[in-house]
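First comes the structure, then the notes that go with it.
A short reminder: the numbers here are calculations on the coordinates, not readings from a lab. Please read all numbers here as calculations on a predicted model, not as lab measurements. When we count neighbours, we look across all protein chains shown, and the Cβ atoms used for this are built from the backbone with ideal geometry, even at glycine.
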Amino acid sequence: MQLLAFDVWGDYAHFKKRYATSSPLTHSIPSKPTILGLIAAILGFRRNEYQSKFKEYDSKIALQILNPIKKTRISINQIDEDPKSALQEWAQSQGFLSPTYELVSETGPDHAKHFFMSVTINGEKWGEGSGSSKQSAEKEAAIQVLRKLKLME
């Protein structure tokens, strides 16, 4: 049996959740792929080569936290900028089909329309939004779902 032990430290680290783009959503500790990537870099493997080198049945990995983990919020949150993309990334990370948006209704005269859109994921309606354009109503629907999922405030 071979053993490799090393310390990793730094003032800041961001172990993002798969569906979180560059938002402040982060794991408290490095994920397994992150740890495997670090080990692969130390051993000189090429990017993604670790996937063929480390197999579940012949590689055991342990992690020990030596110092308390301090968390801080990052002020940049791209979910706010593009909630439809953030929702699509989340849906795909869960193995779902991409969200689809459907016009529920529109009201008002031609020069001042108001649109109501719904968002559906895997055939199930997850939320609705409204706005002065179809795009803004879709964005509001995506925001509603992200808030339900607690991915956005």
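At-a-glance table
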| item | result |
| --- | --- |
| Order by protection proxy (mean Cβ within 10 Å, highest first), peptides 33-45, 84-96 | 84-96, 33-45 |
| Column: log10 I(q)/I(0), Debye, Cα scatterers of the range 79-148, q = 0.22 Å⁻¹ | -0.85 |
